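First the structure, in the form of structure tokens, and then the observations on it.
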Amino acid sequence: MNNVKRNILLVEDDLDLAATVVDYLELEGISCDHAANGVQGLGLIQSQRYDMVILDVNMPRMDGLLVCQNMREQGIDTPVLMLTARDTLDDKLAGFKVGSDDYLVKPFAMLELVARIHVLANRRSGQTTSTELYDLHIDFNQKTAKRGQRVLQLSPTGWILLETLVRKSGQIVTRDQLCHAVWGDELPDSNSLKVHLFNLRQQVDAPGESKLIHTVPGQGVALRQQDED
């Protein structure tokens, strides 16, 4: 999966940090443009196509939240990773509210940044209305899904599970996260999730098709191609 050449944009006003990130990513085979402020960054986003964008939250002239908000209002569905110096719930919610897809708290490990890049760059933003993933087509507005030309017959719970896995494609989603997505704080009996996941697999992974829904023992469930195991 990580052999694909990535083209990303870093919008960061800390020039020393930016230079370190750009150099490290180049060693990882990731091409990274840099903008030193939000205005310059938004201009690049509007004029060029990137696999993903990394936005620092606190920047002069236009902060990362406003850049992301402008992107989404203009229909730009490039995935966004927010960099924030504060690990508080309010900061994270502010980023998600304007359309970011993930966040990373400073200081961060370069290996974790690279891992986040590869996950996000594989898909368009969760703010978009539809997406193509492998041979799955998901329409978030209509709440419909197809695999190839085959329409998936999903229950409301099955749809929520599939949407959760799609939006976290490539990542492991824990059983607690899946339960919370469907039932919130009112947790069901122990077999309910197992039954719904079985029914979802029956729809997504038909006989003769490559397996997309994978159980990771002791960790959770992931949506990914067979050769990504």
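Residue-level check: of (1) part of a loop (DSSP other than H, G, I, E, B); (2) closer than 18 Å to L120 by Cα, Q142 misses just (2).
Residue count for the range 145-175 under the criterion of being touching a strand residue (DSSP E or B) at 6+ places or on another chain (Cβ under 8 Å) and either closer than 14 Å to V221 by Cα or in a loop (DSSP other than H, G, I, E, B) (or both): the result is 15.
Total residues in the range 107-124 satisfying the condition of being in a loop (DSSP other than H, G, I, E, B) and in contact with a strand residue (DSSP E or B) (Cβ under 7 Å, 6 or more places away or on another chain): the figure is 2.
Contact annotation: residue pairs with Cβ atoms under 9 Å, 6 or more positions apart or on different chains, pairing a residue in the range 49-77 that is touching a residue at least 60 places away in the same chain (Cβ under 8 Å) with a partner that is aliphatic (A, V, I, L, M) and open to solvent by 70 Å² or more (accessible area, probe 1.4 Å), are D51/V4. In the range 85-106, the residues that are in contact (Cβ under 8 Å) with a residue 60 or more places away in the chain and closer than 18 Å to M59 by Cα never reach a residue that is open to solvent by 60 Å² or more (accessible area, probe 1.4 Å) and polar (S, T, N, Q) with C-beta atoms less than 8 angstrom apart, at least six apart or across chains. Contact map, the range 200-217: residues that are in contact (Cβ under 8 Å) with a residue 12 or more places away in the chain paired with residues that are of a type in the set (V, I, T) and loosely packed, with under 12 Cβ neighbours inside 10 Å, Cβ distance under 6 Å, separation 6+ or inter-chain. No pairs are found.
If you filter the range 125-152 down to residues that are open to solvent by 50 Å² or more (accessible area, probe 1.4 Å) and within 18 Å of I76 (Cα to Cα), you find that the one that is modelled with the lowest pLDDT is Q127.
Per the listing S155, S100, the residue uniquely surrounded by 13 or more Cβ atoms within 10 Å (Cβ to Cβ), small (G, A, S) and on the phi < 0 side of the Ramachandran plot is S100. In the range 192-204 there is no residue matching the filter, namely being open to solvent by 80 Å² or more (accessible area, probe 1.4 Å) and farther than 18 Å from S155 by Cβ. One residue stands out in the range 12-57 among those that are under 18 Å from the mean Cα position of the chain (by Cα) and either under 14 Å from L113 (Cβ atoms) or open to solvent by 30 Å² or more (accessible area, probe 1.4 Å) (or both): the one that is modelled with the lowest pLDDT, namely R49.
The values are calculated or read from the model by the stated rules, or taken from the named source; none is laboratory data. Please read all numbers here as calculations on a predicted model, not as lab measurements. Here the Cβ is made from the backbone with ideal geometry for all residues, glycine too, and neighbour counts use every protein chain on show. Only protein heavy atoms, including side chains, enter the accessible area calculation; ligands, DNA and RNA are left aside. Shrake-Rupley method; radii C 1.70, N 1.55, O 1.52, S 1.80 Å.
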